[in-house]
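The values are calculated or read from the model by the stated rules, or taken from the named source; none is laboratory data. Since we're looking at a predicted model, the values are computed, not measured. Here Cβ is always computed from backbone atoms with ideal geometry, including for glycine, and neighbour counts include all displayed protein chains. When the accessible area is computed, the model is the full protein with side chains, heavy atoms only, and any ligands, DNA or RNA have been set aside. Shrake-Rupley method; radii C 1.70, N 1.55, O 1.52, S 1.80 Å.
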Amino acid sequence: GFNTGSGGWNILEDFVDRFQCADTLYEVLGTYFEKYTDAYGYTVQPSTITFGGRSDVDMPTMFYYALIRTKRGNAGISLKDCSADEIICAAFVRAHTNSLKGQAVTKAEMMSIADLEKITGVTYFPNVPNAPKSSFTPSDWGL
């Protein structure tokens, strides 16, 4: 139920689709497999599940989107050529739990790209030197 109608991931996908724009919206979708506790207090422990005829499949504990685009959405210039105040970026994270079924995305599920980088160990948007990775504004994303 996590990725079907009204499932937690499905709701997040629909939310992100609203940010398509004339400029490019870059989306990085990812999973995390270590213990994860979300802003609502849901904790998901690493585990294995049966999937595709196998019983040793690691189950993600968290799914995320890392997003970046121009603030206006129609600047007509490359992100690498924008100043930091012309760019918005943020991460949206959801614990892999059916407890989020039917729940709309809230600002509690947001974090800075810098914080997501600390959790995952991955560097996002390295080709955009002015990306404001350490901050985000929920209202830029409709929250």
**Asked** Would you say Ala95 is within 16 Å of Tyr65 (Cβ to Cβ) and surrounded by 21 or more Cβ atoms within 10 Å (Cβ to Cβ)?
**Response** yes
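Could you please find all residues in region 52-64 being closer than 22 Å to Ile11 by Cβ, open to solvent by 10 Å² or more (accessible area, probe 1.4 Å) and in a strand (DSSP E or B)?
Within region 52-64, Met59, Phe63, Tyr64 meet the criteria.
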**Prompt:** Which residue pairs have Cβ atoms closer than 6 Å, lie 6 or more positions apart in sequence or on different chains, and pair a first residue in region 21-50 that is more than 20 Å from Asp140 (Cβ to Cβ) with a second residue that is of a type in the set (Gly, Ala, Ser)?
**Reply:** Tyr36/Ala95; Asp38/Ala95; Tyr42/Ala95; Tyr42/Ser99; Val44/Ala95
**Message:** Given the criteria farther than 16 Å from Phe92 by Cα and not aliphatic (A, V, I, L, M), does Gln45 qualify?
**Reply:** yes
**Prompt:** So which of Lys80, Lys107, Lys35, Lys118 ends up being open to solvent by 40 Å² or more (accessible area, probe 1.4 Å), closer than 20 Å to Asp14 by Cα and among the basic types (Lys, Arg)?
**Reply:** Lys107
**Asked** Considering only residues of region 48-95 that are over 22 Å from Phe19 (Cα atoms) and among the polar types (S, T, N, Q), which is nearest to the chain's Cα centre (by Cα)?
**Response** Thr61
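Among what's in region 32-51 and is in a loop (DSSP other than H, G, I, E, B) and in contact with a helix residue (DSSP H, G or I) (Cβ under 9 Å, 6 or more places away or on another chain), pick the residue that is farthest from Ser99 (Cα to Cα).
Within region 32-51, the first condition is being in a loop (DSSP other than H, G, I, E, B), and the residues that meet it are 33-35, 38-42, 45-46.
Next cut, in contact with a helix residue (DSSP H, G or I) (Cβ under 9 Å, 6 or more places away or on another chain) only: 34, 38-40, 42.
On the way: Glu34: 19, Asp38: 11, Ala39: 13, Tyr40: 10, Tyr42: 8 Å.
Once the filter is applied, the top-ranked residue is Glu34.
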**Request:** Looking for whichever is open to solvent by 70 Å² or more (accessible area, probe 1.4 Å), touching a strand residue (DSSP E or B) at 6+ places or on another chain (Cβ under 8 Å) and outside any loop (DSSP other than H, G, I, E, B) here; the options are Leu29, Leu67. Which one fits?
**Result:** Leu29
